[in-house]
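Take a look at the structure set out below.
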Amino acid sequence: MEEEFYCAMAVIIDGKKIAQDIRQEVKEEATRLRVKTGTAPGLGVILVGDDPASKIYLRHKENACKDAGFLSREFRLPRDSSENEVLATIQELNHDESIHGILVQLPLPRHLNTANIIEAIAPQKDVDGFHPYNLGRLFTGNPYHMACTPIGILELLDRHAIAIEGRDAVIVGRSTIVGKPLALLLLNRHATVTICHTRTRHLPEITKRADILIAAVGKPEMISADMVRDGAVVIDVGINRMEDGRLIGDVAFSEVLEKASYITPVPGGVGPMTIAMLLANTLNAAVLSLEPLNP
Ligand code: GUN
């Protein structure tokens with residue numbers, strides 16, 4: 001009798017397709033909102049300086065707004081802008097009733113105090129979810145706006161019906177933009193969460209325990225197959241631009257593919273979800289702004 005040969009290969013999570021689906025859903029919802037209330041969601045974006053990667057992100061964000069029928073206002077401030085100049089732009093957007101979401105592109109030039117600038121954004125317009133008010137609400141398990149990349153990761157898991165409750169989730173990377181808020185989101189969904197970072201000892205032993213392993217470090221291919229448990233779900237947040245122009249994730253994709261049950265590619269995995277969730281947050285901010293009990 002012929003023996004059946006079974007080669008386990010992960011399902012590749014198509015973030016590009018899921019992001020497109022979400023953007024379509026947001027567009028339809030925004031159309032309904034406009035017809036019902038006359039309000040189009042509005043996003044205000046501030047870029048200080050001319051970092052090339054930030055300029056590319058901004059162009060994508062602007063095009064995404066246009067596609068979804070959102071209003072968008074963009075402010076490009078010179079690299080040597082003072083903190084007061086940035087704060088004045090934020091105040092203008094805070095008071096602009098046609099703007100429901102405000103995003104300050106990070107990283108900011110070093111002479112600017114990022115915390116002061118983020119804290120100047122009206123919390124109900126903080127669609128990045130970086131304001132301490134929104135982080136605090138996430139901390140207490142009663143979230144308002146949540147950071148786009150972490151909720152994008154939850155969407156990828158949910159749309160593949162990957163269970164979170166009770167599972168061991170290991171996050172490598174403790175940034176304020178991804179690692180820390182993601183840990184709270186997963187905790188709120190009843191995962192057992194471990195955060196690893198540069199000072200973590202015995203990293204492979206910890207990553208190997210993960211049912212869900214998330215790499216958000218910014219080191220090309222640092223997660224090798226021997227750090228991954230058989231059948232783990234592997235989410236790669238890294239976007240590392242190599243000298244030859246290729247984009248490489250934090251996960252050694254081709255070898256981990258053979259070990260994981262699900263894996264996100266780079267590009268086309270987590271990346272496209274960030275903008276999709278930014279649109280979803282901005283739509284949500286517009287809807288909430290029409291409610292009388294908006295905080
Ligand atoms: N820079 C890199 N990612 C992000 C993000 O999600 N939001 C903002 N504002 N800046 C970023």
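Each 10 Å bin from 0 upward holds the following percent of the Cα-Cα pairs of region 243-295: 20, 30, 22, 16, 12, 1. For the chain, the mean residue ellipticity at 222 nm estimated from helices alone is -12500 deg cm²/dmol, where every DSSP H run of n ≥ 4 contributes -39500 (n - 2.57) and the total is divided by all residues, rounded to the nearest 500. Centroid-to-centroid, using Cα positions, region 88-131 and region 181-199 are 26 Å apart.
When each of L288, L257 is scored by the number of other beta-carbon atoms lying within 10 Å, the sequence from fewest to most is L288, L257.
Under the Kirkwood approximation applied to all pairs of distinct alpha-carbon atoms, what is the hydrodynamic radius of the chain in Å?
About 20.1 Å, per the Kirkwood formula over Cα pairs.
Measuring how big region 134-283 is from its alpha-carbon positions, Rg and Dmax come out at 14.5, 44 Å. Which net charge results when you count Lys and Arg as +1 and Asp and Glu as -1 among the other residues whose beta-carbon is under 13 Å from that of I151? Here the charged neighbours net out to -1.
Taking the C-alpha atoms only, the angle from helix 179-188 to the longest principal axis of the chain is near 80 degrees.
Here K17 is the anchor, and the aspartates and glutamates within straight C-alpha reach of less than 20 Å, apart from those fewer than 8 places off in the same chain, are E25, E28, E29, E62, D67, E155, D158, D236. What the Cα convex hull of region 21-130 gives, in volume per residue, is 95 Å³.
Considering Cα pairs under 8 angstrom that are at least six residues apart, work out the relative contact order of region 210-266 and quote it in whole percent.
Numbers: 130 pairs, mean separation 23.2, N = 57.
This gives 41 percent for region 210-266.
Could you state the angle between the C-alpha long axis of helix 15-37 and the longest principal axis of the C-alpha atoms of the chain, as a value from 0 to 90 degrees rounded to the nearest 10? Value to nearest ten degrees: 30.
Among D14, D128, D67, the largest mean-square fluctuation in a Gaussian network model of the chain, built with springs joining Cα atoms closer than 10 Å, belongs to D67. Between the listed residues A88, I56, Q24, the Cα displaced farthest toward the positive end of the dipole of region 1-99, a dipole computed from Cβ unit charges relative to the Cα centre, is found at A88. Rounded to the nearest 10 degrees, the inclination of helix 148-159 to the longest alpha-carbon principal axis of the chain is 50 degrees. Distance from a point 7 Å along Cα→Cβ of E92 to each backbone N in region 43-82: keep the residues under 17 Å and list them by number. Residues passing the 17 Å test: 43-49, 72-82.
Sequence-distant contacts, meaning Cα pairs under 8 Å at least 6 residues apart, place the relative contact order of the chain at 22 percent. Counting neighbouring beta carbons within 10 Å and listing from fewest to most, the residues T149, T282 come out as T149, T282. When every Cα-Cα distance of region 51-104 is counted in 5 angstrom steps from zero, the calculated P(r) takes the values 4, 16, 26, 23, 21, 8, 1 percent. Looking at the chain, the DSSP beta bridges with both ends there are about 5 percent antiparallel.
Here, each number is a calculation from the coordinates, and none is a lab measurement. What you see is a predicted model, and the numbers here were worked out from it, not measured in a lab. We place every Cβ from the backbone using ideal geometry, glycine too, and count neighbours over all the protein chains shown.
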